[in-house]
Amino acid sequence: MLAKFRPLMAAAPTTKSAPAVAFSTAAERDGYAQYNHTDACQHLRWTARESYEYMHARPWSRVVDFYAELVRTGAGAAGLAELFRKDETDHLRDTNGEEPLASSEKQMSVKSSKARGGRWGRANFKIVLSYHGGSFDGWQKQPGLNTVQGLVEKHLGQFVDERKAKQLQERSLPVEGCATVAGRTDKGVTALQQVCSFYTWRKDVQPGDLKDTINEAAPDKIKSLVVSEVSREFHPNFSAKWRTYLYIFPLDGDAKSISEDEQSSMILENPEYKAPRSFDVAKVDKIIRQLEGKMLSYKIFARDTQASRSDGPATECFMFHSRAAVTKLYSADENCKEGTTVMCVELVANRFLRKMVRVLVATSIREAAAGADEDALLNLMDATCRRATAPPAPAEGLCLVDVGYEDFDEQRCFIID
């Protein structure tokens, strides 16, 4: 399928130049410490500032509007099918029909757990949510911020059992529910099929009650797609076998990119200028494909992680699927009938570290622009300083597409060749 997509520029020459210098002239002049890359590339790698400026100069509003429309319509992951000319029925699992955890076998598990009494007798609900990242300050509840978790738990408070409500009131705490999530998302990150769970000892609570209450919380900004009662053993995070993220990166439109002719002119005027301002999407795809089917430590691509998650097995992730491709992003705006050319990066792994996807995307683009080898990301795995990677790409382009509780099936992916 990738062969149908148009790369942005001709493939870089195969001849290799000497290893890139430690820093550019601009970096030296401004006094920025630049990581000393030892592997060869054809051009100077962007500095952290150059990478940041390039990423944030894109027309992100079009991507934000696209995600907002998907949330508003409640299409879930199936809403992306048209973007990749796929059959949307392949991605309707969580929005229509029965949940995998709501099969007859699991329903029997629900009944048996109720019969056991105690904590096993409480009702456990799985909630599939869609929310617009630009409307919230991330998932995790924080004082004074408008977060998804804060909004959901506030509205689930009416379903809390009397005992818990009394305990909260005695401690002068608001009566709110407790929502456990499959994975926290940062501010600006959209989710099409995020999964969380809520439990209560009340016997009169029905899935439809929870769904209607959440949908009334913030219309067009957050939508409950499916609510189903599941077994007590179900945990949205620990029970998950894979997560799918999609990053949409605008390639044209309002962004100002430097063409090959302009770049050649700048090099003639200033021989020290070697940093490119464009990249080949096919090159990004080749670089990022090297991660597929491998269990690797992604600590160098993480940001703001706790000390306990900065080394060892806690940083290891298995990448099931990693691809990049070009497509068109269409908008309801009459002035954008031709659509916006975008690069989509699809990553599926058993788990992701904080900001890992955004750093992977930004670093892949930087390495492709510099003409690095296809194993550039693998070479960076052994780095000891996170300055070796690029700053995280903007959160506006990132979307949590789906969370899976069955074995991974590549046919459910959008970018397949």
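The values are calculated or read from the model by the stated rules, or taken from the named source; none is laboratory data. Only a predicted model underlies this, so the values are computations on that prediction, with no experimental measurement involved. Counting neighbours? That spans all protein chains shown, and the Cβs are built from the backbone with ideal geometry, glycine included. Surface areas here come from the heavy atoms of the whole protein model, side chains and all, with no ligands, DNA or RNA. Shrake-Rupley method; radii C 1.70, N 1.55, O 1.52, S 1.80 Å.
Hey, got the dipole for the stretch 123-229? About the Cα centre, +1 on K and R Cβ, -1 on D and E Cβ, debye to the nearest 20? Don't skip to the answer; put the middle values down first.
Working: 14 positive and 13 negative charges, 44 e Å.
Using Cβ point charges on Lys, Arg, Asp and Glu, the stretch 123-229 gives about 220 debye.
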*For the pairs Lys241/Lys286; Lys299/Lys328; Lys223/Lys286; Lys286/Lys328; Lys211/Lys328; Lys86/Lys221, note any where the Cα-Cα span goes beyond 31 Å.*
Lys299/Lys328; Lys223/Lys286; Lys211/Lys328
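Tell me, what is the per residue accessible area of the stretch 346-417 in Å², probe radius 1.4 Å? Show your work: numbers first, answer last.
On the way: 2190 Å² over 72 residues.
Roughly 30 Å² per residue, with all protein chains present.
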*Simple spin-label model, 7 Å along Cα-to-Cβ: Glu410 to Asp209 in nm?*
4.6
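Accessible area per residue of the stretch 123-229 at 1.4 Å probe, in Å²? Working shown, then result.
Values: 4820 Å² over 107 residues.
Per residue, the stretch 123-229 has an accessible area of 45 Å².
Taking all protein chains in place and a 1.4 Å probe, what share, in percent, of the accessible surface of the stretch 125-178 do carbon and sulfur account for?
Details: 1260 of 2740 Å².
Answer for the stretch 125-178 is 46 percent, counting heavy atoms of protein chains only.
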*Using the per-residue mean of other Cβ atoms lying within 10 Å as a proxy for protection, in what order, highest first, do the peptides 198-211, 367-380 fall?*
367-380, 198-211
*At Val175 and Lys294, where each label point lies 7 Å from the Cα along Cα→Cβ, what is the point-to-point distance in nanometres?*
5.4
